[in-house]
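To keep things clear, I will list the structure first and then write my remarks on it.
A short reminder: the numbers here are calculations on the coordinates, not readings from a lab. Only a predicted model underlies this, so the values are computations on that prediction, with no experimental measurement involved. Positions of Cβ are backbone-derived with ideal geometry, glycine not excepted, and every protein chain shown enters the neighbour counts.
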């Protein structure tokens with residue numbers, strides 16, 4: 001019987017030396033609080049304290065110190081959590097409760113503190129990865145890594161060859177950026193699926209509007225090698241050991257190389 005393959009992603013997360021010093025922004029990222037860039041902003045705004053003293057950017061900390069953000073204590077979890085969650089339409093990914101929206105946290109009701117890997121807008125549904133491992137968040141979110149996300153989309157006008165060509169060739173203006181070339185395939189009179197390697201704000205909706213139609217339904221069915229499958233709306237599952245190992249391989253494979261390895265490969269089990 002072959003030996004069980006070591007899960008290096010879990011091992012690296014769970015075997016951190018509590019005495020080892022790390023930069024505060026990295027610590028907050030690994031604690032799942034936010035990205036390193038957002039951590040720098042919170043530190044500059046005076047919202048982060050270390051052992052009761054206002055922190056400064058560049059500060060190094062250990063797990064033995066008391067670190068608070070907006071008055072709440074945070075720590076790097078000892079057990080790694082990585083979930084696949086089917087976000088329903090109408091649920092927001094932000095933790096900002098000023099607008100009284102239903103949040104992922106409300107629906108998930110997970111017993112320990114976890115955070116979304118990226119976002120899926122309120123009007124969309126589908127796969128959302130949720131974790132307490134800030135390194136995963138940083139690596140998947142980094143646009144330069146060309147990690148794939150796949151979507152099934154329904155629009156209000158017939159999907160034509162011209163539409164598919166215009167959507168796929170890239171160069172569509174979205175805010176202050178231009179879209180990259182992407183894979184688009186018609187799967188019905190009003191439906192298509194698309195693979196993106198960037199995550200601009202409401203990108204697919206803005207692309208469709210530029211091409212003369214509006215999105216009626218948008219479902220994300222894959223993030224890198226993790227698939228939504230038949231997971232019911234509002235439910236979550238643990239990412240399997242095999243999925244985690246492949247995710248680790250892709251994250252370590254090297255930026256664009258990892259993204260290109262699956263380019264043009266549609267999800268076999270995507271619901272149509």
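Calculated mean residue ellipticity, 222 nm, the chain: -7000 deg cm²/dmol, from DSSP H runs (n ≥ 4) at -39500 (n - 2.57) each, averaged per residue and rounded to 500.
Want the number for residue 217 to residue 47: 0.36 nm per residue separation, take away the alpha-carbon distance, what's left?
Gain on stretching residue 217 to residue 47: 57.3 nm.
Taking every C-alpha pair closer than 8 Å and separated by at least 6 residues, the mean separation divided by the residue count of the range 17-74 gives a relative contact order of 39 percent.
Relative contact order of the chain, taken over Cα pairs closer than 8 Å and 6 or more residues apart, is 20 percent. Once divided by 2.2 N^0.38 Å, the Cα radius of gyration of the range 17-74 becomes 0.96. Taking every alpha-carbon pair under 8 Å whose residues sit at least 6 apart, the range 71-121 reaches a relative contact order of 32 percent. Between the alpha-carbon centers of the range 174-249 and the range 87-108, tell me the distance in whole angstrom. Here the answer is 20 Å between Cα centres.
With the gyration tensor restricted to C-alpha atoms of the range 70-227, the semi-axes of the equivalent ellipsoid amount to 31, 17, 14 Å, longest first. Between residue 60 and residue 180, residue separation times 0.36 nm minus the direct Cα-Cα distance comes to 39.4 nm. In this calculation the C-beta distance from residue 106 to residue 38 is compared with R0 = 22 Å, giving a FRET efficiency of 0.55. Taking the C-alpha atoms only, the angle from helix 241-252 to the longest principal axis of the chain is near 90 degrees.
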